[in-house]
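> Below is one structure. I have some questions about it.
The values are calculated or read from the model by the stated rules, or taken from the named source; none is laboratory data. All values derive from a computational prediction rather than experimental measurement. With ideal geometry, Cβ positions are generated from the backbone for all residues, glycine too; neighbour counts draw on all protein chains shown.
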Amino acid sequence: MSKPTVLIGFAEAIAAPEVAWSLFDDGFRVVAFARRGKASGLRYSRHVEYREICSPESDVQESQSNLRGLMASLDGEIGDAERILFPLDDTSVWLCSQASADSTWHLAGPSNRLADLALNKEVQTNAARESGFNVPKTVVIRTANEVINLPDLERFPIVLKPVECVPLGKGRVQKCKIWTCADSRELDQASAEWGERVPLLAQEFIKGNGEGIFGFATPRGVQAWSAHRRLRMMNPQGSGSSACISEVVDPEIKARAEKLISTTGWSGLFMIELLRDHAGVPWFIEFNGRPWGSMALSRRQGLEYPAWQVRLALGQEPQAEKQSAVTPGVVCRHAGRELMHLLFVLRGPRTRAMSNWPSFWKTLAKVLPFRGKDTLYNWRREDLKVFFADFYFTLRNNLVKSEN
């Protein structure tokens, strides 16, 4: 019998190589779909078949049609083997939930109301608050007049971000940045750039250090708990991590996370992103219902969340319950993001809200040494082209973005 086929995407997702390897090592055939013309280190993997579809940022309908067409073409190859559709980022969560409807494919991701939880930050913050998490003061704004007043936010700085993780408009997925505003002048500038294109979530900007708690929700409860703390963000002003370290799971945060998972009925892998302020208080930031950026750190501890996710989608018993002990103190670093971190520090902040910008020379002293126990994102000895391609594309894409 042929191997089960897992179609993963988008291939540009930071977790894509680690997800692909987790599935390959568990005996699956892995096919990745990418945005047409977009660079991805996964293109160079020995273990992955690579296909391209129209970018939903260009045309949502064509992107949906291309993905369904790809699934149909694979149907002819797969025969009687199982077929699984596995979204890796927010946009693909939305796209795959649409494409999998009325198909023979198993969806290893959320759909319907659980997709709403995964893709709507207002739904997430409400669920987190009801589960006992500390949530920053939050206001949803839809017009420029609402930006001017913001009556429920008492002071600057504030952060503005889209309510919808996949904002749609004019037949495509809209690109919308996140603004940090230190004063009314920066708020006016952000409002002008926003142009009322999509609803925004306005929150108090809290300074602190990023953390994450992870788990795998099954009918028998949440298994394979783990946690990490960010050592460095690629952009100190706010971004994914460039280096993180595994930690023991905080029992109070675990209890709140268990309540959130139970009350929402979530199934499968998840991440809850937190920010611990300088007083030691953890604040809820967002809920991720798909593979997260630091999947490499999870896998370095033997936590094969992606393979378990696919097994669960197939109705099989994942081996997550056998993985109960995590290894604190494991450091995992993304080589390309570490170099970008240095460049962001050298460039300096883009808002006066960042009053404690890191010193370049102190940062250099932290980033340059590579200790014997440090591990790397996307490192696999027999698949090294992925690592070097990912390093190059990380630098190229972020440098081009910084210039725009």
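> Which residue is modelled with the highest pLDDT, if the candidates are limited to the range 22-42 and must be under 21 Å from Arg172 (Cα atoms) and surrounded by fewer than 18 Cβ atoms within 10 Å (Cβ to Cβ)?
Arg36
> What tally of residues in the range 273-291 results from selecting those that are touching a residue at least 60 places away in the same chain (Cβ under 8 Å), surrounded by fewer than 23 Cβ atoms within 10 Å (Cβ to Cβ) and in a loop (DSSP other than H, G, I, E, B)?
Count: 2.
> Follow-up. Tell me, please, whether a residue that is out of contact with any Gly (no Cβ under 8 Å at 6 or more places or on another chain), hydrophobic (A, V, I, L, M, F, W, C), more than 26 Å from Lys373 (Cα to Cα) and modelled with pLDDT of 95 or more can be found in the range 210-229.
No, because not a single residue in the range 210-229 is out of contact with any Gly (no Cβ under 8 Å at 6 or more places or on another chain), hydrophobic (A, V, I, L, M, F, W, C), more than 26 Å from Lys373 (Cα to Cα) and modelled with pLDDT of 95 or more.
> Pull up the range 300-322, narrow it to residues that are modelled with pLDDT under 85 and buried (at least 20 other Cβ atoms within 10 Å of the Cβ), then point me to the one that is farthest from Thr180 (Cα to Cα).
Per the criteria, the residue is Pro318.
> Ser45 - would you say it is touching a helix residue (DSSP H, G or I) at 6+ places or on another chain (Cβ under 7 Å), modelled with pLDDT of 95 or more and surrounded by 22 or more Cβ atoms within 10 Å (Cβ to Cβ)?
yes
> Now for a different question. Can you name the residue in the range 170-191 that is closer than 26 Å to Thr91 by Cα and hydrophobic (A, V, I, L, M, F, W, C) and, of all such residues, is farthest from the chain's Cα centre (by Cα)?
Ranking the candidates gives Ala190 first.
> Additional query: Out of everything in the range 250-272 that is assigned to a loop (DSSP other than H, G, I, E, B) and touching a helix residue (DSSP H, G or I) at 6+ places or on another chain (Cβ under 8 Å), what residue ends up being nearest to Val310 (Cα to Cα)?
By that ranking, first place goes to Ser267.
> Counting only residues that are in contact with a helix residue (DSSP H, G or I) (Cβ under 8 Å, 6 or more places away or on another chain) and modelled with pLDDT under 95, give me the helices (runs of 4 or more DSSP H) lying completely in the range 84-171 with at least 1 of them.
Per the criteria, 90-99, 112-119, 144-149.
> Another question, if that's okay. Residues in the range 206-230 that are out of contact with any Ser or Thr (no Cβ under 6 Å at 6 or more places or on another chain), crowded, with 18+ Cβ neighbours inside 10 Å and within 23 Å of Trp357 (Cα to Cα): how many?
Residues meeting the conditions: 3.
> Which of (1) at pLDDT 95 or above; (2) surrounded by 19 or more Cβ atoms within 10 Å (Cβ to Cβ) is the odd one out, the single condition Ala255 does not satisfy?
Going through (1) at pLDDT 95 or above; (2) surrounded by 19 or more Cβ atoms within 10 Å (Cβ to Cβ) one by one, Ala255 breaks only (2).
> Sticking with this one: List the pairs whose first member sits in the range 103-124 and is outside the structural domain of Val163 (by TED's automatic domain parsing) and small (Gly, Ala, Ser), whose second member is surrounded by 21 or more Cβ atoms within 10 Å (Cβ to Cβ) and assigned to a loop (DSSP other than H, G, I, E, B), and whose Cβ atoms are under 6 Å apart, counting only residues at least 6 apart or on separate chains?
Ala118/Pro110; Ala118/Gly289
> How about the range 27-77: which of its residues are more than 16 Å from Pro17 (Cβ to Cβ), part of a loop (DSSP other than H, G, I, E, B) and of a type outside the set (S, T, N, Q)?
Gly27, Arg36, Gly37, Cys54, Pro56, Glu57, Asp59
> Separate question: Of the conditions (1) among the acidic types (Asp, Glu); (2) within 28 Å of Gln316 (Cβ to Cβ); (3) crowded, with 20+ Cβ neighbours inside 10 Å, Asp75 satisfies every one except a single condition; which number is it?
So the condition that Asp75 fails would be (3).
> In the range 331-356, how many are modelled with pLDDT under 90 and surrounded by 13 or more Cβ atoms within 10 Å (Cβ to Cβ)?
So the answer is 6.
> Return yes when Glu57 is touching a residue at least 40 places away in the same chain (Cβ under 8 Å) and of a type in the set (Asp, Glu) and no when it is not.
When the stated conditions are applied, Glu57 passes them.
> Does Trp225 count as farther than 14 Å from Phe284 by Cβ and in a loop (DSSP other than H, G, I, E, B)?
The answer is no for Trp225.
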